[in-house]
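This report refers to the structure that appears directly beneath it.
The values are calculated or read from the model by the stated rules, or taken from the named source; none is laboratory data. Computed from a predicted structure; not experimentally measured. Cβ sites come from the backbone with ideal geometry, for glycine too, and all protein chains shown count toward neighbours. To get the accessible areas, we keep the full protein, side chains included, count just its heavy atoms, and leave off ligands, DNA and RNA. Shrake-Rupley method; radii C 1.70, N 1.55, O 1.52, S 1.80 Å.
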Amino acid sequence: MTYGDSRIYKKVEVIGTSSQSAEVAIQRAVDRAQESLEKLSWFEVKEMRGHIDDDGKVSEYQVVLKIAFELA
């Protein structure tokens, strides 16, 4: 199938978490989705939030993603 051909996608929502960064949270979500889904194509960030510890520091990033995969 070439890029100009019709394609059909399905989107699922996942939440990635990380104590390091939002980027790491996104990658963890994509990595986990890749374990059970085939033909991942793109993602969109729907929400981003985090946890603040008692010292006022960000201790966790939580990123809500819609991940799309191509249907056969």
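So the values come out like this:
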read-out: Subset of region 1-25 that is under 20 Å from residue 52 (Cβ atoms) and not hydroxyl-bearing (Ser, Thr, Tyr) - its residue that is most open to solvent (accessible area, probe 1.4 Å); value: 23
read-out: Failed criterion for residue 18 (all others in (1) within 27 Å of residue 6 (Cα to Cα); (2) in contact with a Phe, Trp or Tyr (Cβ under 6 Å, 6 or more places away or on another chain) hold); value: (1)
read-out: Pick from region 47-72, criterion over 12 Å from the mean Cα position of the chain (by Cα) and among the β-branched types (Val, Ile, Thr), ranking: surrounded by the most Cβ atoms within 10 Å (Cβ to Cβ); value: 58
read-out: Check on residue 44, open to solvent by less than 100 Å² (accessible area, probe 1.4 Å), in contact with a Lys or Arg (Cβ under 8 Å, 6 or more places away or on another chain) and of a type in the set (Asp, Glu); value: yes
